[in-house]
Amino acid sequence: MMRVLIVLLVGTLLVPAYAIDPGEALGDPALEARARALSVEFRCLVCQNQSIDDSDAPLARDLRAMVRARLLAGDSDRDIRAAVTERYGEFVLFRPRFGGATAILWLLPVFLLGIAGWFVTRMFSSTTSSEVE
Amino acid sequence: MIAEFGHFALVCALCVCAVQVGAGLAGARSTSADLMRVADISARAQFGLVLTAFGALTYSFVVSDFSLAVVHANSHIAKPLVYKIAGVWGNHEGSMLLWVLILALYGAAFSWGERAMPSSLHARILGVQGLMGIAFLVFLVLTSNPFARLDTAPFEGRGLTPILQDPALAAHPPLLYAGYVGFSITFSFAIAALLEGKVDRAWARWMRPWTLSAWVFLTLGIALGSYWAYYELGWGGFWFWDPVENASLMPWLAGTALLHSALVAERRGTLINWTLLLAILTFALSLAGTFLVRSGVLTSVHAFANDPARGLFILAILALFTGGGLALFGWRAPASSNDKFQPVSREALLVANNIFLATATVTVFIGTIYPLALDAIGGPKISVGAPYFNAVFAPLTIPFLIMLPLGPLLAWRNDSLSPLVTRLAPAALAAILITLGLAMTRNGTPLLALVLLGGAFWLIGGALTDMGQRLRRLQNLTQTPLLSAPVAHAGLGVMIIGIITATAWRQELVVAATPGDVLQIGEKTLRFDGVRERAGPNYTSEQGRLVYIGGAHEGNALLPERRFYEAERSQTTEAAITTNLAGHLYAVIGEPVDDKRVVRIWYHPFVAFIWIGALLMALGGALGLAGRVGRRSHAVSGARA
């Protein structure tokens, strides 16, 4: 309750982050590692730019529990991402999926490097020492 | 009365700015020495007046004059003096006043310090600098007046956000602004040169020290901000790819590119247009950062006020200076010079450096702006966070790291690779061996982390090789610029080691503990002794106690706290950290759970390398600067023709 109160009082400020609570972690280290890696990718929807791995908000805790329950049930990372996105929308993904609206995010860096590389090779001088000071 | 005096000084500064613009630009056009002299005097007077206003606001904070709206909203009688003073810029109005103060300081410093260049270029730079002064002083006076009074003065203020009540508040904003705003001078250099119609190697030589000083301040400001977040936010993260952090990273990346392209422009007379463009864009990114942080487009700890009018005003300034600068560039940029070079030469590697840094800048820009833009045009709401930036930056960094050590060891114009292979073989061999050793001893380290670590070792090895070569040429201390690059490059390597190890090898322990419990994290053992209440100057706190058992720290206590600030009705987490070059033990106490207490302990291996690396980078920049100033006074004294 105190925590909820603090979140309400502090409002839009960055709330000190805590990561997971005691007893949340899975017994199997491999599964737990996957849980943490996935948690970093999901945005806590009631926080300021925090992943559910960083946040102590109740919503984030519920989502962490859901991720772990699905891991225990044998779901793949892809299944879990799809399930979380279905429930909360694309906004929940800190790493946007490649698609029509997000193609530019993923392609622009590659495109820039390509253009720059092509441009620069044209700047290479063909002769070795013809340059005049 | 003091506040009205400060307000009056601001308005006077605005008038003086107008004189500075007119006298600077008209004086340069008509080559009137008198008018140009007036521009110089105005620049200094502007600084004096803004400093007066700043002093008046500081005074109002120190004496807790709650009849000022800003003081009432952001201060409190019980607040320690240091935070009353630093609190001057812990709010929107005061922080914009600091912005203007630093802008004026750069103008005055330029007026005093830069005498070697033609007087017309000097006067035009002051004129352009004055234009920015006008824009931001109008912004300050019309939308963000720090001296606005309340009708009835309250007895007590509302206090400063507790998270800001930290010694770092005294240094982080001034350093960051000294960086951001420092690029205003390089912007003025570019605009003035375009107006002048003459851009050459000498221009690049005069501009570089100003770029370098802004870059050094920005490096320190970002590093301090990162360290602050690390110890304050409660779990030891050092970079969050938060939009506000990105806002400072963009001008840093562009400024780093500018430093390197200006080097080519200075030594070889090529890449002049690109350097002009970068000088304009770097400052545009500084302005964009100010817009993002100040407009309320982003809500964060940095966005003190959400007022659309302010946002629109800064957006207008941004559009005016960026658009105007780019238009002038398009109209007046010198016809494309003969920018040809050999693929194996120092300039080719510096071009590669610029390609990577420019791509990195655009990536941060698009990642920060795109979700906002998409939302603004009614598109889907998406998030772009740390996993995206890490996914794009890691592959971008690898070729950058591989190529970086080659550049400084290559000659200008034309060189061959074979002697380079011999010289760099020890560095390459050492990097490969250390990385293989780590791969075998540190099980479970991700491949990408190993590759980046290897790149960092290679970078440091290359920097040491470079340094060895240059030390042999070093004759006296006026030649410290020789060491500038290798020190800064080694700093980058050290920083990358810190980032990777603290991320990949982090250990974590989260338990609900009862007093007397013995906790084990990695090779460290601690005993939890419980929690006690404690009173601070303007807060009460719960202080936990953890005592080392065995090992080098036997008997030492860690005292993490949770502080409750009465006046501001909020709380902060104060981590207790054992700092050590090999790693930090980072402890935090959380909520009570029944009769137990949540205790969180992390071990961050080599995390200090991040900030040591940043300090080395800044030191590299400072060495370059020191040598230049030394050389200049040398030249003035006539020892060197």
In this structure, is residue B:490 at pLDDT 90 or above, surrounded by 14 or more Cβ atoms within 10 Å (Cβ to Cβ), over 30 Å from residue A:24 (Cβ atoms) and not β-branched (Val, Ile, Thr)? yes
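How many residues does region A:79-110 contain that are not hydroxyl-bearing (Ser, Thr, Tyr) and not in a loop (DSSP other than H, G, I, E, B)? Full working, then the answer.
Step one: of region A:79-110, the residues not hydroxyl-bearing (Ser, Thr, Tyr) are A:79-84, A:86-87, A:89-101, A:103-110.
Keeping just the survivors that are not in a loop (DSSP other than H, G, I, E, B) gives A:79-84, A:86-87, A:90-93, A:103-110.
Final tally of qualifying residues: 20.
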Please go through region B:421-437 and give me each residue that is at pLDDT below 95 and either among the β-branched types (Val, Ile, Thr) or at positive phi (or both), ordered by number. B:421, B:422
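Every residue in region B:100-120 that is aliphatic (A, V, I, L, M) and at pLDDT 95 or above, please. It would help to see each step written out before you state the result.
Step one: of region B:100-120, the residues aliphatic (A, V, I, L, M) are B:100-105, B:108-109, B:116-117.
Listed by number, the residues that qualify are B:100, B:101, B:102, B:103, B:104, B:105, B:108, B:109.
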Considering only region B:568-602, how many residues are closer than 30 Å to residue B:464 by Cβ and buried (at least 23 other Cβ atoms within 10 Å of the Cβ)? 1
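Could you say whether any residue in region B:535-546 is crowded, with 17+ Cβ neighbours inside 10 Å and assigned to a loop (DSSP other than H, G, I, E, B)?
Going through region B:535-546, the residues crowded, with 17+ Cβ neighbours inside 10 Å turn out to be B:538-539, B:541-546.
Filter again for assigned to a loop (DSSP other than H, G, I, E, B), leaving B:538-539.
Scanning region B:535-546, I find at least one residue that is crowded, with 17+ Cβ neighbours inside 10 Å and assigned to a loop (DSSP other than H, G, I, E, B), so the answer is yes.
Based on what the data block shows, is residue B:366 more than 10 Å from every other protein chain (Cβ to nearest Cβ) and under 21 Å from residue A:109 (Cβ atoms)?
On the way: more than 10 Å from every other protein chain (Cβ to nearest Cβ): no; under 21 Å from residue A:109 (Cβ atoms): yes.
So residue B:366 fails the test.
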Can you run down the residue pairs with Cβ atoms below 9 Å, 6 or more apart or on separate chains, where the first is in region A:82-100 and more than 9 Å from chain B (Cβ to nearest Cβ) and the partner is surrounded by fewer than 16 Cβ atoms within 10 Å (Cβ to Cβ) and part of a loop (DSSP other than H, G, I, E, B)? A:83/A:75; A:85/A:97
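For region B:325-342: of the residues being facing chain A (nearest Cβ under 10 Å) and buried (at least 16 other Cβ atoms within 10 Å of the Cβ), which is nearest to residue B:288 (Cα to Cα)? Don't jump to the end; show me each part of the working.
Applying the first criterion (facing chain A (nearest Cβ under 10 Å)) to region B:325-342 yields B:338-342.
This time we only want the ones that are buried (at least 16 other Cβ atoms within 10 Å of the Cβ), so: B:339, B:341-342.
Values: B:339: 30, B:341: 34, B:342: 36 Å.
If we take residues in region B:325-342 being facing chain A (nearest Cβ under 10 Å) and buried (at least 16 other Cβ atoms within 10 Å of the Cβ), then B:339 is nearest to residue B:288 (Cα to Cα).
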Is it the case that region B:198-211 has a residue that's closer than 28 Å to residue B:331 by Cα, in a helix (DSSP H, G or I), out of contact with any Asp or Glu (no Cβ under 9 Å at 6 or more places or on another chain) and modelled with pLDDT of 95 or more? yes
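For residues that are of a type outside the set (S, T, N, Q) and without any contact (Cβ under 8 Å) to a residue 60 or more places away in the chain, scanning just region B:357-373, find the one that is surrounded by the fewest Cβ atoms within 10 Å (Cβ to Cβ).
Within region B:357-373, the first condition is being of a type outside the set (S, T, N, Q), and the residues that meet it are B:357-358, B:360, B:362, B:364-367, B:369-373.
With without any contact (Cβ under 8 Å) to a residue 60 or more places away in the chain added as a condition, the list becomes B:362, B:366, B:369-371, B:373.
Details: B:362: 17, B:366: 19, B:369: 18, B:370: 19, B:371: 22, B:373: 11.
Checking each candidate, the answer is B:373.
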Give me the pairs, please: first residue somewhere in region B:141-163 and within 18 Å of residue B:49 (Cα to Cα), second residue anywhere and in a loop (DSSP other than H, G, I, E, B), beta-carbon distance under 9 Å, and either six or more positions apart or on two chains. B:144/B:305; B:144/B:307; B:146/B:91
One residue is enough: does region A:44-57 have a residue meeting the conditions in a helix (DSSP H, G or I) and either facing another protein chain (nearest Cβ under 9 Å) or under 14 Å from the mean Cα position of the chain (by Cα) (or both)? no
Any residue in region A:114-121 that is surrounded by 18 or more Cβ atoms within 10 Å (Cβ to Cβ) and at pLDDT 90 or above? no
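Tell me the residue from B:38, B:70 that is of a type in the set (Val, Ile, Thr), at pLDDT 95 or above and in contact with a Gly (Cβ under 8 Å, 6 or more places away or on another chain), please.
On the way: B:70 fails: at pLDDT 95 or above.
The match here is B:38.
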Taking region B:566-586, which residues are in a loop (DSSP other than H, G, I, E, B) and within 14 Å of chain A (Cβ to nearest Cβ)? B:566, B:567, B:568, B:569, B:575
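The values are calculated or read from the model by the stated rules, or taken from the named source; none is laboratory data. On a predicted model such as this, the values are computed, not experimentally measured, just so you know. We place every Cβ from the backbone using ideal geometry, glycine too, and count neighbours over all the protein chains shown.
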